[in-house]
Each structure stands twice: as structure tokens, then as C-alpha cells.
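> Got a structure here, written out as C-alpha cells. Questions coming.
The values are calculated or read from the model by the stated rules, or taken from the named source; none is laboratory data. All of these numbers come straight from a predicted model, not from anything done at the bench. Don't worry about glycine lacking a Cβ; one is built from the backbone with ideal geometry, like all the others, and counts go over all protein chains shown. Accessible surface is based on the protein model in full, side chains and every heavy atom, while ligands, DNA and RNA are left aside. Shrake-Rupley method; radii C 1.70, N 1.55, O 1.52, S 1.80 Å.
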Amino acid sequence: MNTSQSITAMTIEELRERCIQLERENAELTAKLNWFMEQFRLSKKRQFGVSSERTTPLQEQLLLFNEAEVEARPEAPEPDLETITYQRRKGRGRREMNLEDLPVEIVEHRLPEEERVCPCCGGPLHEMSTEVRQELKVIPAQVKVVKHVRYVYSCRRCEKEEITTPVVTAPIPAPILPGSPVSPSLMAYIMTQKYGAGLPLYRQEQQFKGLGIELSRQTMANWVLYGANKWLALIYDRLHEYLLTRDILHADETTLQVLQEPGREATTKSYLWLYRTGRDGPPIILYDYQTTRAGKHPRRFLSGFKGYLHVDGYAGYNELPDVTLVGCWAHARRKFDEALKALPEDKRNAPVTAREGLEFCNRLFAIERELKEATPEERYQIRQVRSRPVLDAFLAWLKNQKARVLPKSSFGQAIYYCLGQWDKLVAFLQDGRLELDNNRSERSIKPFVIGRKNWLFANTPRGAKASAITYSIIETAKENGLNLFHYLIHLFEKLPNLDLQDKDALDQLLPWSETLPPVCLANN
């Protein structure tokens with residue numbers, strides 16, 4: 001072989017290696033480009049798309065500014081204002097409003113005596129029948145001063161005979177805040193508006209001004225802090241004790257910004273942890289403000305708890321002693337849903353592999369929907385027969401897909417999430433009372449997330465703690481079917497006058513207590 005042939009051979013070999021190298025680099029760049037395109041499509045979907053995870057979602061976008069225009073349906077019929085006293089099939093096109101529990105004001109419209117003359121013959125008219133039209137009347141809030149006049153008594157005989165004169169004073173309920181004009185009803189109203197209806201204090205300040213009273217947001221904030229940390233904390237602590245006696249709980253967490261935390265920047269994220277009960281027993285929902293997302297916080301809050309804990313896959317729960325973690329299939333399904341949404345528009349409805357994973361999840365949820373009314377024993381048995389085979393097939397499918405996907409792709413993340421969480425995801429098979437997802441927690445944390453959009457941040461740790469306590473009492477009361485406003489009034493009337501060391505007395509005030517007055521029920 002001469003020199004020119006050797007050079008040609010070497011050049012061809014080098015070119016071949018160069019081609020291999022370029023192909024490898026091209027594959028890597030293509031994979032990165034696909035990943036960035038997935039993230040871009042997901043970002044646009046989160047920004048402009050619906051949040052629903054339905055397989056075929058309906059495109060709806062409601063804007064706060066023009067909500068009236070968006071929601072208006074001129075062709076829609078008005079609801080029937082009827083008191084329903086018997087069961088009957090509803091007619092099409094009209095919805096009936098049950099007014100059974102509302103007070104009724106009757107306004108009668110009669111002809112004056114001198115006009116009760118027949119226009120035809122001039123004879124007297126008599127009442128033949130009546131026509132009734134019903135309307136809903138709103139009575140706006142009003143503020144009035146309540147003066148507590150306390151009478152003091154003495155004995156005239158003792159005064160006359162110059163004996164030591166006894167003085168007897170009529171009993172009076174203890175105030176909710178000594179030296180303050182705030183009443184139980186006013187405290188309850190401010191808290192219900194802020195935490196129940198998401199109305200910030202500055203807007204309440206404007207409302208009170210419209211009612212003729214100058215009540216600053218600073219004053220209301222002081223009252224809320226005192227009412228929560230002094231009185232509602234007593235109910236919160238008692239609910240916490242009962243929470244730890246259950247053997248099935250749910251947990252979740254979300255961010256919270258607190259401006260004036262010692263030693264921390266105002267922009268540093270803090271956390272609101274949620275702990276709540278499951279299917280069994282009266283519902284208990286508790287929020288816990290903490291500065292971080294560290295696992296020490298659930299260990300402290302759940303100290304003494306033994307049983308099952310529904311979680312979303314966050315590793316901070318992994319070190320809980322005597323606790324079996326139950327994974328969330330809604331999170332697993334969501335990742336396959338996101339993998340589909342990350343695909344180009346023309347491929348989302350195609351029979352792609354990500355849809356196969358979504359269908360496995362859908363089959364599990366379909367089984368659970370059929371078992372909604374089943375007893376825990378029935379649910380346990382049917383899951384062994386129907387759900388377990390689906391899980392076995394899904395696991396084999398996941399292992400097969402693992403070798404074929406890029407771990408950082410949306411589809412790869414869905415595969416690796418399920419495999420990494422598998423022991424937790426199949427834990428629901430162990431007890432018929434367990435649930436397939438942790439949506440119960442997500443629903444309970446949603447009121448706080450919605451409220452956070454109105455007030456954005458807490459000013460101090462004391463305020464964050466007060467908010468956590470108040471949200472806990474309000475959300476627990478709502479799930480126990482109570483009227484928030486009247487229940488809070490009842491608490492603020494009773495708590496200042498109780499022996500606070502008497503747990504039996506506190507138990508009479510808990511949301512499921514049978515001794516609560518009827519006015520505290522939601523329909524009253």
C-alpha cells in the first residue's frame with residue numbers, strides 16, 4: 001500500500017468516527033430540544049389551559065373581571081322559588097330552590113274598601129282567590145351598640161343598723177377581650193368574612209365604613225390575632241389530641257410567605273402543613289404553620305400517631321415511625337396526563353405509550369367509583385380480585401418501559417415516579433378504609449390557597465399561626481355541617497366563661513358535639 005492509499009484509508013476512518021460523534025451529539029441535542037419543547041408546551045398549558053385532568057377536558061376560561069358577562073345565559077329560566085314538602089320528579093329546564101329553612105315575610109295587597117265595586121253592575125266584590133309571587137329579600141348587615149348594664153345590690157337594713165353592708169353584684173358574661181368593644185358576634189363576623197369568604201381586612205374596613213362605623217384594619221387584625229391565639233387555640237389543641245387517636249390520616253403542604261420572620265429574608269418561603277382525618281369518624285382538619293418543609297415538622301406534629309398516612313410522595317414523610325405511607329394515584333395519573341399534554345397537538349389523541357399508562361390509572365379509578373358505597377370489608381375483598389391484577393400488569397408494563405424512555409422526559413418522569421413510589425401506591429390494598437388518592441387533603445388545602453390569592457402573605461409568625469388556627473376551626477366546622485358564623489359566636493360566648501382546664505367542658509364545644517345549639521347547624 002503506497003502513501004496516498006494510507007492517507008485515504010486514515011481519512012475515511014476519521015470521517016467515519018466523526019460521523020458517529022456527530023450522530024451522537026445530534027441525538028443528545030435532539031433529546032434536549034424535545035425536553036425543552038415539552039416544558040414549553042406544559043408551561044403554555046398551565047398558563048392558558050384548563051387545570052382539569054379529564055382525558056377530554058372542555059375548554060372553559062372564566063375571567064374575574066367579566067364574570068357576569070361570561071356566566072350570563074339570557075335564555076336560561078329563572079329558578080322556581082318553592083318550598084318542597086314532598087318528593088317529585090323535577091321538570092326540565094327549571095331548577096327549584098328549597099326555601100323551607102328561610103324565614104317568611106308576607107306582604108298582602110288588597111283593594112281598598114271603596115274600590116271593591118263591580119265595574120259591570122256596581123255590586124260589591126268578594127275575595128275569590130289569591131295569587132302568590134315569591135322573591136328573595138336580602139337584609140344587609142347592621143352594626144349596633146349593646147350596653148351591658150350590671151346592677152349592684154346592697155341591704156338597706158344593714159346600712160341603717162350600721163352593720164357591715166354586703167354588696168351583691170349581678171353576674172355578667174366575661175368579655176371576649178377586656179377593655180375592648182369587640183363582641184362575640186363581631187369577632188365571628190370578621191373571621192368568617194376573612195377566612196370563610198376570603199374577604200381581606202382592608203375590604204371589610206370599607207364595608208364597615210359603609211355601615212357608618214370607622215373600624216380600622218389594624219384594630220380588626222389585633223382582634224383576630226387575640227381571638228385565634230387566646231380562644232380558638234384551645235379548640236385547636238383539643239382537636240389535635242383527637243386527631244392523633246385516629247389510625248388513618250391525610251397530609252399535604254403548601255407555601256406561605258411571612259414577611260417578618262426572625263433571621264429570614266421577607267421573600268423566603270415558609271410552609272403551611274395540613275393534617276386531616278379520612279373516611280371514618282367526625283372530620284378534623286388542622287393546619288400547622290412552619291418555616292420550612294423539613295421532615296421534622298410532621299414528626300413533631302404527628303408524635304404518637306400510629307397507622308396509615310395518605311401522602312403525595314414527598315420524602316419528608318418517610319421517617320415517620322410506626323406509620324405506613326399510602327401513595328396518591330391522582331399524582332401518578334397527573335404525570336401521565338402531563339406527558340400527553342407535553343406532546344405536539346397532532347399526537348395527543350394518537351395511541352401513544354403515555355396514553356397506555358394513563359389508561360392503567362383510569363381503570364383503577366373506575367373500580368373505585370363503583371366501590372363508592374361499599375363497606376370497607378367489601379372494598380378490601382373486591383380490590384384483591386379486581387384492582388390487584390391491574391396493578392400487577394401495570395408494574396410489568398412500567399419495568400418494560402423503563403429501559404426505553406429518557407428519564408428526564410415527561411413520560412420518563414411519569415415512569416420513574418410510579419416505580420419509585422410503588423410500595424406506597426399499592427398500600428391502599430391493605431385496608432378497605434384507605435383511599436386511592438390524597439385528593440381529600442388537596443380539597444382541604446384549597447380554601448387556604450384561594451384565600452392566599454387575596455391577602456398574598458402574612459406579616460408576622462404570630463399572624464401566620466393565628467391564620468392556621470382559624471382556618472383549622474372553620475374548615476373543620478364546615479365539614480361537620482355547621483354554620484360558621486353562629487358556631488364562632490357560640491365559641492366566643494362560651495370560652496371566656498369556661499374552666500379552661502376542664503376537657504369535658506371543651507368537648508361540649510367541639511364541632512361534632514351534640515350539645516351545640518340548633519342555631520349552629522348549617523341550615524339554621
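> Please indicate, with yes or no, whether at least one residue in the stretch 514-524 is of a type in the set (A, V, I, L, M), in the same structural domain as Leu234 (by the TED database), open to solvent by 50 Å² or more (accessible area, probe 1.4 Å) and assigned to a helix (DSSP H, G or I).
The answer is yes; a qualifying residue exists.
> Within the stretch 499-511, which residues are at pLDDT 95 or above, part of a loop (DSSP other than H, G, I, E, B) and surrounded by fewer than 17 Cβ atoms within 10 Å (Cβ to Cβ)?
Once the filter is applied, which keeps residues that are at pLDDT 95 or above, part of a loop (DSSP other than H, G, I, E, B) and surrounded by fewer than 17 Cβ atoms within 10 Å (Cβ to Cβ), the stretch 499-511 yields only Gln508.
> In addition: Counting only residues that are over 27 Å from the mean Cα position of the chain (by Cα) and free of Cβ contacts under 8 Å to residues at least 60 places away in the same chain, which one in the stretch 487-514 is nearest to Glu475 (Cα to Cα)?
Residue satisfying both the conditions and the ranking: Lys494.
> Mind telling me which of the residues Glu435, Glu378, Glu442 ends up being acidic (Asp, Glu) and farther than 30 Å from Trp273 by Cβ?
Criteria check complete, one pass: Glu378.
> Could you please tell me which pairs satisfy a Cβ distance under 8 Å, a separation of 6+ or placement on different chains, a first residue in the stretch 110-134 that is in a strand (DSSP E or B), and a second residue that is among the β-branched types (Val, Ile, Thr) and open to solvent by less than 100 Å² (accessible area, probe 1.4 Å)?
Short answer, once both residue conditions are applied: Pro124/Val117.
> Also: Out of the residues in the stretch 190-213 that are assigned to a helix (DSSP H, G or I), within 23 Å of the chain's Cα centre (by Cα) and not aliphatic (A, V, I, L, M), state the one that is surrounded by the fewest Cβ atoms within 10 Å (Cβ to Cβ).
Here the residue is Arg203.
> While we're here: How about the stretch 116-134: which of its residues are of a type outside the set (Lys, Arg) and open to solvent by 100 Å² or more (accessible area, probe 1.4 Å)?
Pro119, Cys120, Cys121, Pro124, His126, Glu127, Met128, Thr130, Glu131, Val132, listed by residue number.
Yes/no per residue for (1) open to solvent by 40 Å² or more (accessible area, probe 1.4 Å); (2) within 27 Å of Tyr314 (Cα to Cα):
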| site | (1), (2) |
| --- | --- |
| Glu338 | yes, yes |
| Pro344 | yes, no |
| Ala354 | no, yes |
| Glu359 | yes, yes |
| Asn362 | no, yes |
| Ala366 | no, yes |
| Gln381 | yes, no |
| Leu398 | no, yes |
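> Sort out which residues of the stretch 135-166 are outside any loop (DSSP other than H, G, I, E, B), at pLDDT below 90 and open to solvent by less than 100 Å² (accessible area, probe 1.4 Å), and write them in order of number.
Ser154, Cys158, Glu159, listed by residue number.
> When you check Glu493 against the structure, is it touching a strand residue (DSSP E or B) at 6+ places or on another chain (Cβ under 9 Å) and either of a type in the set (D, E, K, R) or at pLDDT 95 or above (or both), yes or no?
Here the answer is no, as Glu493 does not meet what is asked.
> Another question, if that's okay. Which condition number in (1) more than 23 Å from the chain's Cα centre (by Cα); (2) assigned by the TED database to the domain that holds Pro283 is the one that Leu234 fails?
With respect to (1) more than 23 Å from the chain's Cα centre (by Cα); (2) assigned by the TED database to the domain that holds Pro283, Leu234 is out only on (1).
Let's see how each residue does on (1) closer than 16 Å to Ala466 by Cβ; (2) open to solvent by 20 Å² or more (accessible area, probe 1.4 Å); (3) not basic (Lys, Arg):
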{"residue": "Leu215", "(1), (2), (3)": "no, no, yes"}
{"residue": "Glu241", "(1), (2), (3)": "no, yes, yes"}
{"residue": "Arg264", "(1), (2), (3)": "no, yes, no"}
{"residue": "Gly281", "(1), (2), (3)": "no, yes, yes"}
{"residue": "Ile285", "(1), (2), (3)": "no, no, yes"}
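> Looking at Lys296, Lys269, can you tell me which residue is under 30 Å from His240 (Cβ atoms), free of Cβ contacts under 8 Å to residues at least 12 places away in the same chain and either open to solvent by 50 Å² or more (accessible area, probe 1.4 Å) or touching a strand residue (DSSP E or B) at 6+ places or on another chain (Cβ under 8 Å) (or both)?
Testing whether each residue is under 30 Å from His240 (Cβ atoms), free of Cβ contacts under 8 Å to residues at least 12 places away in the same chain and either open to solvent by 50 Å² or more (accessible area, probe 1.4 Å) or touching a strand residue (DSSP E or B) at 6+ places or on another chain (Cβ under 8 Å) (or both) leaves just Lys296.
> How many residues does the stretch 306-341 contain that are in a loop (DSSP other than H, G, I, E, B) and on the phi < 0 side of the Ramachandran plot? Reasoning before the result, please.
Within the stretch 306-341, the first condition is being in a loop (DSSP other than H, G, I, E, B), and the residues that meet it are 306, 311-314, 318-322, 327-328.
Among the residues that remain, those that are also on the phi < 0 side of the Ramachandran plot are: 306, 311-312, 314, 318-321, 327-328.
Residues in the stretch 306-341 being in a loop (DSSP other than H, G, I, E, B) and on the phi < 0 side of the Ramachandran plot: 10 in total.
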